[in-house]
1. Kindly evaluate Gln163 against the criterion of being in a helix (DSSP H, G or I), within 11 Å of the ligand (Cβ to nearest atom), surrounded by 17 or more Cβ atoms within 10 Å (Cβ to Cβ) and polar (S, T, N, Q).
2. Which of the residues spanning the range 139-155 are more than 11 Å from the ligand (Cβ to nearest atom) and in contact with a strand residue (DSSP E or B) (Cβ under 8 Å, 6 or more places away or on another chain)?
3. Mind checking whether some residue in the range 80-94 is more than 25 Å from Val246 (Cα to Cα), away from the ligand (no atom under 14 Å from the Cβ) and at pLDDT below 90?
4. Show the residue pairs that are 6+ apart or on different chains and have beta-carbon atoms under 7 Å apart, the first residue being within the range 109-137 and closer than 17 Å to Leu68 by Cα, the second being polar (S, T, N, Q) and part of a helix (DSSP H, G or I).
5. Take Leu185 and decide whether it is part of a helix (DSSP H, G or I), in contact with a Cys (Cβ under 9 Å, 6 or more places away or on another chain) and crowded, with 19+ Cβ neighbours inside 10 Å.
6. From Ala199, Ala101, grab the single residue that is in contact with a Cys (Cβ under 6 Å, 6 or more places away or on another chain) and away from the ligand (no atom under 16 Å from the Cβ).
7. Is it the case that Gln128 is at pLDDT below 90, more than 16 Å from the ligand (Cβ to nearest atom) and either assigned to a strand (DSSP E or B) or on the phi < 0 side of the Ramachandran plot (or both)?
8. So Ile219 passes all but one of these: (1) away from the ligand (no atom under 15 Å from the Cβ); (2) within 26 Å of Ala142 (Cα to Cα). Which condition number does it fail?
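The values are calculated or read from the model by the stated rules, or taken from the named source; none is laboratory data. If you're wondering where the values come from, they're calculated on a predicted model, not measured in any experiment. Note that we place each Cβ from the backbone using ideal geometry, even for glycine, and neighbour counts take in every protein chain shown.
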Amino acid sequence: MRIGMAGAGIGGAGLLLIIALSLLTGENPLDLLQQVGPLPDSAHVGSGGPATAPAAADEESEFVRVVLGDTEDAWGRIFAAAGRQYAEPSLVLYSGAVESACGFGSAAVGPFYCPSDAKVYLDLSFFQDLTSRFGAPGDFAAAYVIAHEVGHHVQRLLGLEGQVARLRQRVSAADANALSVRLELQADCFAGVWGHHAARKDLLEQGDVEEGLRAAAAIGDDRIQRRTQGYVVPDSFTHGSSAQRVEWLKRGLQFGDIARCDTFEGLLR
Ligand SMILES: [Zn+2]
């Protein structure tokens with residue numbers, strides 16, 4: 001991607017993004033630079049610790065912030081087009097473990113979104129995990145993971161997450177898992193919708209889409225189960241198979257339209 005990840009702080013590509021953003025928003029690029037410069041209050045490392053990110057993580061936390069900023073731009077426009085206002089999620093960067101309104105989170109859990117506090121929780125080790133554990137390197141792979149969590153935030157704003165949570169309480173464990181899969185696949189599709197908007201702003205580079213699709217395939221339940229337990233139990237899927245995740249991410253990327261992301265096929269109303 002043409003953002004972050006190059007050199008410490010905001011690299012040349014990051015600067016280009018800021019200039020591009022300023023052209024779109026009509027804001028002075030220097031103002032935008034200041035906006036993405038310091039750590040927001042909600043971004044901290046560790047639970048309640050001081051806002052001092054390890055130097056090695058600076059580049060990655062900057063990347064996360066720039067991607068998050070671009071998701072806000074995309075979703076802000078989509079919501080505005082529907083006559084609604086997009087409320088941005090907060091970001092919590094942590095290392096090791098963190099306490100959230102949804103319970104205890106750790107690097108082992110991976111990135112997650114907590115609907116109760118509307119925060120995206122990211123342990124920066126996930127960049128490393130994507131490469132070493134899942135064999136899915138690349139900045140767009142990481143951006144897809146971030147955009148997926150933001151997708152959950154969008155589902156909450158649209159009331160979809162709440163409907164699914166209520167429905168899950170009334171059905172069998174297998175059906176509850178199936179609903180969870182639909183919710184996750186929709187978050188993948190929403191990540192693709194963001195990717196579509198980023199591509200239209202010329203923020204994507206050759207190979208980015210392939211990076212994202214490789215990541216989606218790598219974190220499919222069947223692939224993970226085969227690797228961790230040696231066999232696959234579709235009833236226990238919570239995120240969808242590799243093929244499903246790739247398909248829905250692709251659909252979002254292709255159409256850039258949330259109306260094309262109805263993984264519930266009329267189950268919700
Ligand atoms: Zn998810």
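1. Values: in a helix (DSSP H, G or I): yes; within 11 Å of the ligand (Cβ to nearest atom): no; surrounded by 17 or more Cβ atoms within 10 Å (Cβ to Cβ): yes; polar (S, T, N, Q): yes.
No: the conditions fail for Gln163.
2. Ile146
3. Yes, that holds for at least one residue.
4. Once the first residue is closer than 17 Å to Leu68 by Cα and sits in the range 109-137, its partners that are polar (S, T, N, Q) and part of a helix (DSSP H, G or I) give Leu124/Ser61.
5. Details: part of a helix (DSSP H, G or I): yes; in contact with a Cys (Cβ under 9 Å, 6 or more places away or on another chain): yes; crowded, with 19+ Cβ neighbours inside 10 Å: yes.
Answer is yes for this residue.
6. Details: Ala199 fails: in contact with a Cys (Cβ under 6 Å, 6 or more places away or on another chain).
Result of the check over Ala199, Ala101: Ala101.
7. Values: at pLDDT below 90: yes; more than 16 Å from the ligand (Cβ to nearest atom): yes; either assigned to a strand (DSSP E or B) or on the phi < 0 side of the Ramachandran plot (or both): yes.
Yes.
8. (1)
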